[in-house]
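Worksheet: one structure, shown below.
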Amino acid sequence: MKKKLFIPGPVSVKEDVLAQMTKAIIGHRTVAASDLQRSISEKLQRIFYTKNRIILSTSSGTALMEGAIRSFTKKRAAVFSNGFFGDLWHEMALRNNIEADLFRAKKGKPITSEMVDSVLSTGKYDLITITHNETSSGITNPIEEISEVIKKYPEIVWLVDGVSSIGGIKLEVDKLGIDVCIASTQKCLGLPPGMAIASVSEKAIERARSIDFRGYYLDFLELYETIEKMDYQYISTPALPMMNAIDYQLNKILNEGLENRFKRHETLGNIVRDWAKKYFPLYTEEAYSSNTVTTIENSLNMDIDLLNKMLEKRGFEISNGYGNLRDKTFRIGHMADCTVEELEELIDNLDEIIRIKFCKASA
Ligand SMILES: *Cc1c(COP(=O)(O)O)cnc(C)c1O
């Protein structure tokens, strides 16, 4: 039986989108490849709300995160985190011999503009990273307020992890002044895993020019200049079947309309939160709860693996907590092309299983 995935990536992909990947392979140094990749790039600029150049990478989002912190930190990076993916930037910096400090928000709380201001006012940093939507803790950080503070520090290159928000929660790259914004195909964009995307500002590229040892495959300057010089072609052979699926799915996203898409995600978020609160506390302060993934405290001490086995028989899959939250929380992903009807079907099934199996007393 085919399972519907309600995990925070990879997401279920529609048949017509998958079918695009079976088209005949074309050469990567052809006009057709340039045309396809230009078309993708222009659509992504609309989805990222940016005029900045778009870079595609045949890798997952993690790779571009590592490439970015390495390509753009000259002095010292300030990494802000409220969970696993935020912490990851710090780990990557250290493993690449890049000076970096980690600043964590309190449990279930967002990163605040005050936190960012007090760190940047030390003058020690020339790069900061923010996770827009932290997929482990289910928090959407108040990026607009944070952007106001960052604008006071023109020397800062600002990297944003938009992996679980781009295509699901509005993120206006140019308006906010984000220098590098990173996404993956397998989250809110509703595509198979396999490629990562970044928008890159001129300011960031100027910084990269002054930095030695940026590596090769993930060197943002190399990526940027190659696309410019070679008419939207890449340094090496990209995952061309993915390119077909991306181009096709981006049309579907733009046809739905970005505002409609964000609104749909908001509705999905509200449905899950309202349901969850009947049984459990939300892990995250509600005002900052994500509209693409909900992290719920496992206060009934359910065996999440057993819950998932029972869901599997009914054709669904949800997710355990991430890292050290594995058993303390569980997560429901509601991103990409998920409809209200599909989500309600999941919730009806969850309701039944939880009542029968995990909270007999209150049934
Ligand atoms: C999934 C995810 C990542 C990692 O992306 P991959 O494409 O799996 O490498 C990074 N950050 C966030 C917020 C994510 O949700």
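The numbers here are math on the coordinates, done by the rules we state, and not lab data. Predicted model only: the values in this text are computed from it and were never measured. Every residue, glycine among them, receives a Cβ derived from its backbone with ideal geometry; neighbour counts consider all protein chains shown.
Before moving on, here are some points about what is shown:
- Single match in Asn270, Asn291, Asn298 (criterion: on the phi < 0 side of the Ramachandran plot and touching an Asp or Glu at 6+ places or on another chain (Cβ under 6 Å)): Asn291
- Residue selected from the range 75-91 under the condition among the aliphatic types (A, V, I, L, M) and away from the ligand (no atom under 11 Å from the Cβ), by the criterion surrounded by the fewest Cβ atoms within 10 Å (Cβ to Cβ): Ala78
- Among the residues making up the range 56-66, a single one is surrounded by fewer than 23 Cβ atoms within 10 Å (Cβ to Cβ) and of a type in the set (A, V, I, L, M): Ala63.
- Conditions (1) within 16 Å of the ligand (Cβ to nearest atom); (2) closer than 20 Å to Leu36 by Cα; number of the one not met by Cys181: (2)
- Selection status of Gly138, buried (at least 24 other Cβ atoms within 10 Å of the Cβ) and on the phi > 0 side of the Ramachandran plot: yes
- Test: residue in the range 54-68 that is in contact (Cβ under 8 Å) with a residue 12 or more places away in the chain, over 24 Å from Glu222 (Cα atoms) and of a type in the set (Gly, Ala, Ser): no
- Scanning the range 192-201 for residues that are more than 11 Å from the ligand (Cβ to nearest atom) and farther than 15 Å from Leu159 by Cβ returns a single hit, Pro192.
- Restricting the first member to the range 1-16 and to residues that are in contact (Cβ under 8 Å) with a residue 24 or more places away in the chain, and the second to residues that are basic (Lys, Arg), the beta-carbon pairs closer than 7 Å and six or more apart or on different chains are Pro8/Arg331; Gly9/Lys187; Val11/Lys187; Ser12/Lys4.
- Residue count for the range 269-288, restricted to those that are within 16 Å of the ligand (Cβ to nearest atom) and closer than 21 Å to Leu189 by Cβ: 1
- In the range 35-74, residue nearest to the ligand (Cβ to nearest atom) [restricted to those that are touching a Lys or Arg at 6+ places or on another chain (Cβ under 9 Å) and under 19 Å from Gly215 (Cβ atoms)]: Gly61
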